[in-house]
Amino acid sequence: MSVLVAFSVTPLGVGEGVGEIVAEAVRVVRESGLPNRTDAMFTVIESDSWAEAMSVVQRAVEAVAARSPRVSTVIKADWRDGAVDAMNAKVASIEHHLAPPPIS
């Protein structure tokens, strides 16, 4: 089973520059040891356990909450039996379909 969780954690009430506080959430994710990827909008983690993935999300939110009076969190999850390395496989599938057809 693969559980992919894409989430964002936004501190509220601390002004515009939130990168330093958001970095605390990303630090929690990286220290978890789970496969992960962070971009400008979301962090994605992959686990073979729903409980493990959500525990990492909770700890990331708590890390931000420790420095912010309010926290907004957006979560999207994909739970799929039989999937392995879904974080990379999904992107590889898209890239495959974008590739030009082979020249005969």
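Residue-level analysis places Ala63 outside the set of residues that are outside any strand (DSSP E or B), without any contact (Cβ under 8 Å) to a residue 12 or more places away in the chain and not polar (S, T, N, Q).
Is it the case that Ser55 is in a helix (DSSP H, G or I), within 17 Å of Val26 (Cβ to Cβ), hydroxyl-bearing (Ser, Thr, Tyr) and without any contact (Cβ under 8 Å) to a residue 60 or more places away in the chain? For Ser55, the condition - in a helix (DSSP H, G or I), within 17 Å of Val26 (Cβ to Cβ), hydroxyl-bearing (Ser, Thr, Tyr) and without any contact (Cβ under 8 Å) to a residue 60 or more places away in the chain - is met. Candidates are the residues of the range 18-35 that are hydrophobic (A, V, I, L, M, F, W, C) and in a loop (DSSP other than H, G, I, E, B); the one that is modelled with the lowest pLDDT is Val18. Val28 meets the conditions (1) open to solvent by less than 40 Å² (accessible area, probe 1.4 Å); (2) without any contact (Cβ under 8 Å) to a residue 24 or more places away in the chain in every case but one. The failed one is (2). In the condition set (1) on the phi > 0 side of the Ramachandran plot; (2) at pLDDT 95 or above, Lys76 is compliant with all but (1). Can we say Ala40 is assigned to a strand (DSSP E or B) and either among the aliphatic types (A, V, I, L, M) or loosely packed, with under 15 Cβ neighbours inside 10 Å (or both)? No.
Of the numbered criteria (1) modelled with pLDDT under 95; (2) touching an Asp or Glu at 6+ places or on another chain (Cβ under 7 Å); (3) open to solvent by 20 Å² or more (accessible area, probe 1.4 Å), the one Ala86 fails is (3).
Scanning the range 48-67 for residues that are within 20 Å of Met1 (Cβ to Cβ) and buried (at least 20 other Cβ atoms within 10 Å of the Cβ) turns up Ala53, Val56, Val57.
The values are calculated or read from the model by the stated rules, or taken from the named source; none is laboratory data. Keep in mind the model is a prediction, meaning the values are calculated, not measured. Heads up, the Cβs are rebuilt from the backbone with ideal geometry, glycines too, and the neighbour counts pull from every protein chain shown. With ligands, DNA and RNA removed, areas are computed over all heavy atoms of the protein, side chains included. Shrake-Rupley method; radii C 1.70, N 1.55, O 1.52, S 1.80 Å.
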